[in-house]
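> What follows is a single structure, and I will ask about it in a moment.
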Amino acid sequence: MGRQQAAFANRTAADQGGDRHPRTPGGKRIASAQPALFTRITRRRARRHGVRVSSIWGGTLKDNEVGPAIYAGFLPTALATGAYRAAPDATVVGHGLAHIPDALRELKNGVAAKKLVVTL
């Protein structure tokens with residue numbers, strides 16, 4: 001498992017009264033939005049600890065009723081009224097393609113709870 005996924009599994013286990021995921025009661029599952037190759041690698045490693053890992057594929061939202069319900073029905077009104085707020089706040093790194101290396105450099109140096117944006 002990746003460091004973040006292991007931390008999540010351990011935190012979830014602690015919330016449920018256990019200190020490690022093998023002793024956690026109930027199902028142990030992580031839904032990963034990582035590319036398929038990374039999910040397959042993580043799945044093999046996690047299986048040793050009794051944790052099931054599955055992929056999330058966002059492409060299906062456009063093909064069923066969930067996507068329009070969220071993006072046409074709920075989200076526009078929720079954003080306009082403030083019931084839903086995009087978080088974290090955006091940090092604008094710069095304007096134009098020339099600033100993409102700056103944003104990537106900042107990302108490589110480590111970013112926590114930040115949304116990096118390069119405007120075009």
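> Please list, ordered by first then second residue, the pairs with beta carbon atoms under 7 Å, 6 or more apart or interchain, first in segment 77-91 and more than 13 Å from V117 (Cα to Cα), second surrounded by 10 or more Cβ atoms within 10 Å (Cβ to Cβ) and not aliphatic (A, V, I, L, M).
The qualifying pairs are A78/Y84.
> Any residue in segment 70-93 that is in contact with an Asp or Glu (Cβ under 6 Å, 6 or more places away or on another chain) and modelled with pLDDT of 80 or more?
Yes, some residue in segment 70-93 is in contact with an Asp or Glu (Cβ under 6 Å, 6 or more places away or on another chain) and modelled with pLDDT of 80 or more.
> Please work out which one of (1) surrounded by 10 or more Cβ atoms within 10 Å (Cβ to Cβ); (2) without any contact (Cβ under 8 Å) to a residue 40 or more places away in the chain is the condition L120 fails and give its number.
Here L120 meets the rest and fails (1).
The values are calculated or read from the model by the stated rules, or taken from the named source; none is laboratory data. Computed from a predicted model, the values in this text were never measured in an experiment. With ideal geometry, Cβ positions are generated from the backbone for all residues, glycine too; neighbour counts draw on all protein chains shown.
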